[in-house]
Amino acid sequence: MSMQHDPELDDVLQDVELIRLAGLLRSTRRAEPPLDEAFRSDLRRQLMQRAWEMSERRTPWWRLLTAPRAPALAWAGAVAGILLIASVVVFMSSQQPGVLDVNSPLADARQVQLQQAILVKFNQPMDHKSTEAAVQITPATTVAFSWSANTLAVQPISGTLAPNTQYQVTIGSSAKTQSGQLLTSPKKFTFVTQPSATPAPTPKPTSRPTPGSLLAGERKLATLPAGTTYTPQWSADSTTVYFVGNNGALESATPADGGMKTIVSDGVSNPAIAPAGDRLAYVRGGKIEVLILATGSTSDVADAAGLTTLGWAKDQLLWGTGDGVYRADANGPSQIAAIPQGASVVSIAPDGANAVYQEDQSLSVLDIATSKRVGFGAGGGAFLGWSPDGARMLYAGADGIVVANDRGKALATLPSGEPSWSSQNEILLGSDTDLIAVRPDGFGRTTLNTGTYHLPVWAPNGTAFAYVRGGAIWSANAGLLPPEPSTLDQAASQVSSFMNARLAHDSGLATTYLDRNGKQAYANGGLPLQITGDTSFTRFYVLAQEITARRPDTATFVVRLVLTKGTLDVSEYEETLTLQRNQASQPFLIDQASGGPTRDLGKGAEVVSVDFAAGSLKVVFDSDLVAGTVADGVLLLDSTGQRVGGQSTYANRTVVIGGLNLTPGAAYKLAVLTSVQDVSGRTVPSEYDVNLVGPVAGGSAGGSGGSPVPSPAPSPSPVASATPSS
């Protein structure tokens, strides 16, 4: 611990013993929170002045101690006072301002979920603008930002992270606190994402949950404006989602086909749909309006001044204010229940029997018919919602979400999250990290998926739901179980076991997945089963996969092997594996294997998957690309070098080539040209070619590649690090 020297203090004490005692006090101090510099300076000045005043007498202090009793005791107290002042001065002079610290729970993580927001935590309140501008992400990624206290959530605009990708996040030194303190030096952390989805074989494309997910059909519906997000509203038939978009426009989206429609052009807030689905109520222009969806006609119901909540109870429109609950009658609005002065209505039950209001930091439930009031929950808790029939409620408790009856009596406790109660008596709990389904009694808890799921809202059918992620509204379906393992899945299991044995340095186990030809491919002079050198083999993933023949069943996989130095992935290469089996009752064995060139990571956009699906080819990149460079930069060529299929289209890191009529077993080549550019301005360093085989009838994986073989490519030149768009 540092012992700072103060010449002025030494001059005041003027004694070796006192200086020694001051040193002891200095060396035994404990670390304390930093004090304001102005306060420290002023206090030190006052203490020094007092010390000089106490030292004005010239008689040595040890003589005064031998004087008559009273003066001696007085001067003994004075000496103690000087020592105390000295210790305070030493303490004050040694304090340093608080150090700005940055960390992330994702640092050095492997298998990060694709839906996970990138979380960056600071130990001080930050200036949002400068901090967001200081964020750099490699691979180049367009992102949106949101804050919760001192935690910054960075979410890709596409909604998910790229699969099987090492991300490096840098917080530049231009990030500063709200008080203006700059980060002393850039902070970096890396993490690696999980594999992508592997759909099951089927003649036509279908939705399939990602590994570990019990969701299907996740789809981005629309981008939401920054600021207040109102709860999405479902139509009665569960086909349409209504929400408030840019400029307060009331919009609708149909998850089945992605269709969008603007219902009201602007100025809408607090939307609420009638249970029958025929009317929508909302606030616009200071008025409560009701829109008849079938005709598009609207009517003003009441002035919206002081409105705190708006909803429907059966077929009746109700709303709450700071003085009570109102309803729309034939002759205009009428108050049907009053609340104490200074309180405000938070929510009205779906059956119209009760309302919850907040007074100071306390919650109470009001029986609308009798005006009886019952307080519930602890101070500072939040009301979270009702059961569909209004008989039970949810509110935030000390240990999670409390399920209570309509009088606030606790019945069960659920995990924390943002809840929605379905018509099937299931509760969704969304958060930054996962989506959980649970019964109201707390049993049957199931993690449906991991990742960011905010404001989940069940559709009336209890299967579909909407949610908010990364500044956008999404929809999905819950409750679907994975299908039985397909032929391709069985082959994939063998590939995974083979690669995991190599990761574990178990060559003996690895050879059990090879037939005679496969063993020769990994014999002396061929591919190494064990990878040695300055870098180590730390992970793998399947780039492409396909059933390429029948009788015998033949599957071809391209597996990317990632090499690591220290904790950083630095290079990669690919092995193409061909597996065969003669009968369905037999396991697949690796019959052929070949290797591609080693490529350095971080040189530009990388292809992370190549998938065939129903007459189209889908190529997924790890970076967000400049769309204009894709149409003529990602091509599918036949064996003569002629382009096949339609023009390439691009959205959310994915390039799709449609209009394909591939010949089974014929040779094709995917070419990614150097003209393809990511959003940071970097181009692909060298052409990347993948040889493909037309899939056999009934052999499509519903999104898996043929038998691609990466072609050798020249070593790319170094390129400057990317700065992500934001």
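When the C-alpha to C-alpha distance is required to be over 23 Å, the pairs from Lys519/Lys565; Lys372/Lys409; Lys519/Lys669; Lys121/Lys220; Lys220/Lys314 that qualify are Lys519/Lys565; Lys519/Lys669; Lys121/Lys220; Lys220/Lys314. Return the ratio Rg/(2.2 N^0.38 Å) for region 331-409, where Rg is computed over Cα atoms only. After normalising by residue count via 2.2 N^0.38 Å, the value is 1.06. In terms of the mean number of neighbouring beta-carbon atoms within 10 Å, the peptides 555-566, 224-235, 490-501 order highest first as 555-566, 490-501, 224-235. For Leu224, the amide hydrogen comes within under 5 Å of the amide hydrogens of Ala472, Ile473, counting only partners 5 or more places away or on other chains and with H modelled in the peptide plane. Remark: relative contact order (region 333-381) = 28 percent; criterion is Cα-Cα distance under 8 angstrom and separation of 6 or more residues. With no solvent and one equal point scatterer per Cα, compute the Debye intensity ratio I(q)/I(0) for region 212-308 at 0.23 Å⁻¹ and report its log10, rounded to two decimals. Scattering profile of region 212-308, log10 relative to I(0): -1.29. Each residue of region 515-530 was assigned a 3J(HN,Hα) from its phi angle through the Karplus curve 6.51 cos²θ - 1.76 cosθ + 1.60 (θ = phi - 60°); the sequence is 8, 4, 5, x, 5, 5, 5, 9, 7, 3, x, x, 6, x, 6, 10 Hz, with glycine and proline shown as x.
Rolling a 1.4 Å probe over the heavy atoms of the protein chains gives region 273-323 an accessible area of 44 Å² per residue.
All other residues whose Cβ lies under 15 angstrom from that of Ala501 are scored, Lys and Arg at +1 and Asp and Glu at -1, for a net of +1.
Heavy-atom accessible surface of region 125-166, averaged per residue, reaches 32 Å², computed with a 1.4 Å probe.
Computed across region 540-658, the Kirkwood radius stands at 16.4 Å (inverse of mean 1/r, all Cα pairs). For region 89-197, the mean projected area of the C-alpha convex hull, equal to one quarter of the hull surface, is 7.6 nm².
Cα convex hull of region 497-601: how many Å³ per residue?
Details: hull volume 10.6 nm³, N = 105.
Considering the Cα atoms of region 497-601, their hull volume per residue is 101 Å³.
Cα-based values for region 261-308, radius of gyration first and Dmax second, are 10.4, 30 Å.
Above 13 Å, the calculated P(r) of region 112-151 contains 59 percent of its Cα-Cα pairs.
Could you please report the charge total around Lys287, scoring K, R as +1 and D, E as -1 over all other residues with beta-carbon less than 12 angstrom from its beta-carbon? Mind dumping the intermediate values first?
Values: positive: Arg284; negative: Glu289, Asp300, Asp303.
Once positives and negatives cancel, what remains is -2.
Rounded to the nearest Hz, the phi-derived 3J(HN,Hα) couplings of region 660-677 under the Karplus curve 6.51 cos²θ - 1.76 cosθ + 1.60 (θ = phi - 60°) are 8, 9, 7, 8, x, x, 6, 8, 9, 9, 8, 10, 10, 8, 6, 6, 5, 10, where x marks glycine and proline. The reciprocal of the average 1/r between distinct C-alpha atoms defines the Kirkwood hydrodynamic radius, which for region 278-372 equals 13.6 Å. Per the Debye calculation on region 441-554 with a single equal scatterer at every Cα and no solvent contribution, log₁₀ I(q)/I(0) for q = 0.17, 0.19, 0.21 Å⁻¹ amounts to -0.96, -1.07, -1.21.
For a distance above 21 Å, tell me the whole-number percent of Cα pairs in region 625-687 that qualify.
Roughly 25 percent, rounded to a whole number.
Local charge sum around Leu662 (other residues, Cβ-Cβ under 12 Å, Lys/Arg +1, Asp/Glu -1)? Display every interim value, and only then the final one.
Details: positive: none; negative: Glu546, Asp638.
Counting the neighbours of Leu662, the net charge comes to -2.
Scaled against the 2.2 N^0.38 Å expected of a compact globular protein of N residues, the Cα radius of gyration of region 303-442 reads 1.05.
The values are calculated or read from the model by the stated rules, or taken from the named source; none is laboratory data. For clarity, every value in this text was computed on a predicted model and none was experimentally measured. All Cβ positions, glycine included, derive from the backbone under ideal geometry; neighbour counts span all protein chains shown. Note: areas computed on protein heavy atoms with side chains; ligands, DNA, RNA excluded. Shrake-Rupley method; radii C 1.70, N 1.55, O 1.52, S 1.80 Å.
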